[in-house]
Amino acid sequence: MNRRRPLDAPAWLKASLILIALGYIAVVILLPLAAVFTEAFASGLPAWLEAVSEPDAQAAIKLTLLVAAISVPLNCVFGVAASWAVAKHDFPGKSLLVSLIDLPFSVSPVVSGLVYVLLFGAGGWLGPWLQENDIQIIFALPGIVLATVFVTFPFVARELIPLMQAQGRDEEEAALSLGATGWQTFRKVTLPNIKWGLLYGVLLTNARAMGEFGAVSVVSGHIRGETNTMPLHIELLYNDYNLSAAFAVASLLAGLALITLVLRTILEWRHGDELVAGGH
Amino acid sequence: MTEIAIDNRAIYGRYPAVPNPVTATGKPKRGARFTLKRRSAIPGFGLTLGVTVFWLSLIVLIPLSALLLRAATGGWDHFTTTAFSERAIAAYKVSFGTAFIAAAINAVFGLLVAFVLVRYQFTGKRLFSALVDLPFALPTAVAGIALTAIYADTGWVGSLLAPYGIKLAYQPQGIVIALIFIGLPFIVRTIEPVLADLGRDPEEAAATLGANRWQTFRSVILPEVMPALITGFALAFARGVGEYGSVIFIAGNMPFKSEIAPLLIITSLEEFDYAGATGIAIVMLLASLGALLLINWVQHRERIKRGL
């Protein structure tokens, strides 16, 4: 198995290339991850427990979960609809539509937040009307949800479009010709085919939704215990020089990131062929 | 995430619309009556396209056009004075400069990491490969405070360098460190599939013709991965220019020295200077669109070269 071909790099070169690559990953990625958990438990488990259970931290955790619970399903429905339209039908302007769906990826998170302030903020276009009718969007839950939906917008669609394109239309057409309705076809034929890809997209959407900082920071108003999500709460603690509490809350989000990576690796390992069917 | 984006684009290029078997036969089968009106026999087109366009307009297009309109209604002179004030120009220099340096460092080491992950077998490979994706999953604020803790004078790395008078945190160098963390997966994940596709035959051919290892790398491997390298570089650069969460903790945020453009937007907003914030946002939006165009152009050229 380890047959060395005559053209393979000599052992010393191979070993040093591997060492440099792993060293780079260790310094760039592993070190920060280790720092989060070390700092989080530096003052002991009781301090960690207190930091994550005090009322403001609890409020931040609840808000983060609520925001994710609203924005992830919204983008999920959008992603499935968009990939159905794009992958199962032909229409002019399709590639433009796909590029526009990708657009939020290339916009700075701060700019994503800013556009909603310009629309709904006190000095924004709809600001005076919203104020008259006593509707609060900026510095409140709706603004945070909007900003989160914006930054996580393409994840599900981007996962499903190539998958559904690669799977073609034959199975759906067969089901339809056998008399199935459109909805039955989607539920019994398409959905089982894309379920792992959909789960993958939802995982990525959720990780980003819970961790988004820049966009949410612009629209949230930073009201302690009210409009502070977990990342904003971390910033607040950090700027108060309450480092161990900041890292305690950060360790929760780092744990979420690790779980996401593990699930993702398992999905790729077990269902890799159903994730990027015919990718390369 | 974005590594999948590249795959997608490759797929969009490689998969022509699947020919419709119902219409292709010419003789309509049962259920083919739909196809007389539409090109696809599959229902739900109006509904799903409607939902897509509605949601896209509501969340992305209308807000972004509000930004553009806001800049346009202020007038050109007003735009240039706010978007190109001295402080804003200094912030662009910091943002673009640090993003460029970080992407360049990552291009070198990312190529090496991708090469090692594709070519060599070693224990713990799967773990290291999964770790490369961590910056995609780790919230930027968490990365920011962790990097600051490491590179501050009292941190693991900072305390080693402090005796030699080397300071990394609260300096522009700190921004580069944060952007290296953020950008690494973009480069590695873009190059990996290309290296895997390349295989070893071209190298062996080159070696047979008498090329040494360095010549083979320079004249055979590098030209093949160059488009992917440029794409990864552009993705990492674009992301780095807009990055906020991981940078502000470690940057020090001194105007004219280590203040990034996204932070200046937030500072302007806090002072209710909407015009200033809008101007800077437009410049950044144009920069990221420029990076996107570069990526599309590189991939378009590749497809032509490969005759796809």
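The values are calculated or read from the model by the stated rules, or taken from the named source; none is laboratory data. A quick note: this is a predicted structure, and the numbers were derived from the prediction, not measured. Glycine gets a Cβ as well: all are built from the backbone with ideal geometry, and neighbour counts include every protein chain shown. We work out accessible area using only protein heavy atoms, side chains counted, and drop any ligands, DNA or RNA first. Shrake-Rupley method; radii C 1.70, N 1.55, O 1.52, S 1.80 Å.
Assorted remarks:
- Using alpha carbons only, the radius of gyration of segment B:124-228 set against its Kirkwood radius gives Rg/Rh = 1.15.
- Dividing the mean sequence gap of close Cα pairs (under 8 Å, 6+ apart) by how many residues chain B holds gives a relative contact order of 26 percent.
- The label-point distance for A:GLU50 and B:THR73, in a model that sets each label 7 Å from Cα toward Cβ, rounds to 5.2 nm.
- Counts of other chain beta carbons within 10 angstrom of each beta carbon in peptide A:128-137 average 0.
- Dividing the radius of gyration of the alpha carbons in the protein assembly as shown by their Kirkwood radius gives 0.98 for Rg/Rh.
- Range in chain A, longest, excluding exposed trypsin sites (Lys or Arg not before Pro) [loop by DSSP; at most 14 other beta-carbon atoms within 10 Å]: A:5-223
- The residues of chain B expose, per residue, 46 Å² of accessible area to a 1.4 Å probe.
- Sparse-neighbour loop sites [chymotrypsin sites (Phe, Trp or Tyr not before Pro); segment B:74-123; at most 15 other C-beta within 10 Å; DSSP]: B:PHE84, B:TYR120, B:PHE122
- Helix-only arithmetic for chain B: the sum of -39500 (n - 2.57) across DSSP H runs with n ≥ 4, divided by the residue total, places the mean residue ellipticity at 222 nm at -22500 deg cm²/dmol.
- Inter-chain shielding of B:147-159 (mean C-beta neighbours from other protein chains, 10 Å cut-off): 3
- Neighbouring partner chain Cβ atoms per residue of A:208-221, average, 10 Å criterion: 4
- Calculated FRET value between B:MET226 and B:ASP273, using beta carbons and R₀ = 45 Å, to 0.05: 0.55
- At least 50 Å² accessible surface lost relative to isolated chain, residues of segment B:247-281 (1.4 Å probe): B:PHE249, B:LEU269, B:TYR274
- Within segment A:211-280, all pairs of alpha-carbon atoms sorted by distance into 5 Å bins from zero give the percentages 3, 15, 17, 16, 12, 9, 9, 8, 6, 2, 0.
- Segment B:102-171, accessible surface, carbon-and-sulfur percent (1.4 angstrom probe): 66
- For segment B:228-308, alpha-carbon Rg over 2.2 N^0.38 Å: 1.40
- Here segment B:146-300 is treated with +1 on each Lys and Arg Cβ and -1 on each Asp and Glu Cβ, and its dipole about the Cα centre works out to around 300 debye.
- Normalised by the number of residues in segment B:135-228, the mean separation of alpha-carbon contacts (under 8 Å, six or more apart) gives a relative contact order of 22 percent.
- Probing with 1.4 Å while keeping every protein chain in the model, the per residue accessible area of segment A:111-220 equals 34 Å².
- Exposed loop sites were defined as chymotrypsin sites (Phe, Trp or Tyr not before Pro) in DSSP loop states (anything but H, G, I, E or B) carrying at most 16 other C-beta atoms within 10 Å; in chain A the longest segment without such a site runs A:126-240.
- Relative contact order (%) - segment A:22-174, alpha-carbon pairs under 8 angstrom, separation at least six: 32
- In this rough spin-label picture, where each label sits 7 Å from Cα along the Cβ direction, the B:SER159-A:GLU226 distance is 4.2 nm.
- Projected label distance in nm at B:LEU198 and B:THR81, using a 7 Å step from Cα toward the beta-carbon: 5.3
- Take the accessible area of B alone and of A alone, subtract that of the pair with a 1.4 Å probe, and the total buried over both chains is about 9500 Å².
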